[in-house]
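This report refers to the structure that appears directly beneath it.
Here, each number is a calculation from the coordinates, and none is a lab measurement. Fair warning: this is a prediction, and the values are worked out from it, not measured in the lab. Reconstructed Cβ throughout: ideal geometry from the backbone, glycine too, with neighbour counts over all protein chains shown.
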Amino acid sequence: MRDIDPNRCIDFILENAGKYASAKGELAQLECFKSSLRAIMMQKSGEQTIGAQEREAYASQEYQDLCKAIGEATEQAELYKWQLQSATMRFDAWRTEQASNRNLEKMTR
């Protein structure tokens, strides 16, 4: 196993936790705006029935752009999530290795 510096793992988590939080916040904001945009687009529609208004809203470029932005925000949030998770796993692996080394030292004394 390659050498793991637990301090670098912790530093990475601390340095990137804010990015993850921002990405999750942006994703939540976009998800909330989704319903508002649909209502705005339905209101702008010249159609009379709710179904036709909804169809036009979903077909609008603005709605499609929002869906794309949600996809990109989700991708970014997931990237940060798994980077943080992998740093946590590396730290846990280091901690387990240290405990094993201590046990081996006790057994060989």
Discussion item. I'd like to verify a number: residues in the stretch 40-71 that are among the acidic types (Asp, Glu) and farther than 30 Å from ALA23 by Cβ, how many?
Written reply: 2
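Quick check on my filter: what residues within the stretch 61-109 are among the charged types (D, E, K, R), in a helix (DSSP H, G or I) and more than 25 Å from ILE13 (Cα to Cα)? Give the steps one after another, and end with the answer.
The first filter runs over the stretch 61-109 and keeps only residues among the charged types (D, E, K, R), leaving 62, 65, 68, 72, 75, 78, 81, 90, 92, 95, 97, 102, 105-106, 109.
Still in the running and in a helix (DSSP H, G or I): 62, 65, 68, 72, 75, 78, 81, 90, 92, 95, 97, 102, 105-106.
Within the stretch 61-109, GLU62, ASP65, LYS68, ARG102, GLU105, LYS106 qualify.
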Discussion item. Could you go through the stretch 10-28 and let me know if any residue there is of a type in the set (Ser, Thr, Tyr) and not in a helix (DSSP H, G or I).
Written reply: no
Item to complete: With the checklist (1) surrounded by fewer than 11 Cβ atoms within 10 Å (Cβ to Cβ); (2) assigned to a helix (DSSP H, G or I) in hand, flag the one item ASP3 doesn't pass.
Response: (2)
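Here are GLU26, GLU62: which of them is surrounded by 14 or more Cβ atoms within 10 Å (Cβ to Cβ), acidic (Asp, Glu) and touching a helix residue (DSSP H, G or I) at 6+ places or on another chain (Cβ under 7 Å)?
Every option except GLU26 fails the conditions.
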Worksheet item: Quick check, is ILE50 aliphatic (A, V, I, L, M) and within 30 Å of ASN101 (Cα to Cα)?
Response: no
Practice prompt. Please name all residue pairs, on different chains or six or more residues apart, with Cβ atoms under 6 Å, provided the first residue is in the stretch 51-74 and is free of Cβ contacts under 8 Å to residues at least 24 places away in the same chain and the second residue is surrounded by 13 or more Cβ atoms within 10 Å (Cβ to Cβ) and among the polar types (S, T, N, Q).
Written response: GLN53/SER45; GLU56/SER45
Discussion item. Quick check on ARG90: is it in contact (Cβ under 8 Å) with a residue 40 or more places away in the chain, among the basic types (Lys, Arg) and farther than 23 Å from LEU27 by Cα?
Written reply: yes
Practice prompt. Provide a single number: the residues in the stretch 27-44 that are small (Gly, Ala, Ser) and in contact with a Ser or Thr (Cβ under 9 Å, 6 or more places away or on another chain).
Written response: 0
Response to the item:
Contact list, first residue from the stretch 16-38 and under 18 Å from GLU78 (Cβ atoms), second anywhere and part of a helix (DSSP H, G or I) and aromatic (Phe, Trp, Tyr), beta-carbon distance below 7 Å, six or more apart or interchain, is ASN16/TYR80; LYS19/TYR80; TYR20/TYR80; ALA23/TYR80
Worksheet item: Name the residues in the stretch 31-52 that are over 21 Å from LYS68 (Cα atoms) and either assigned to a helix (DSSP H, G or I) or within 33 Å of the chain's Cα centre (by Cα) (or both), would you?
Response: GLN43, LYS44, ILE50, GLY51, ALA52
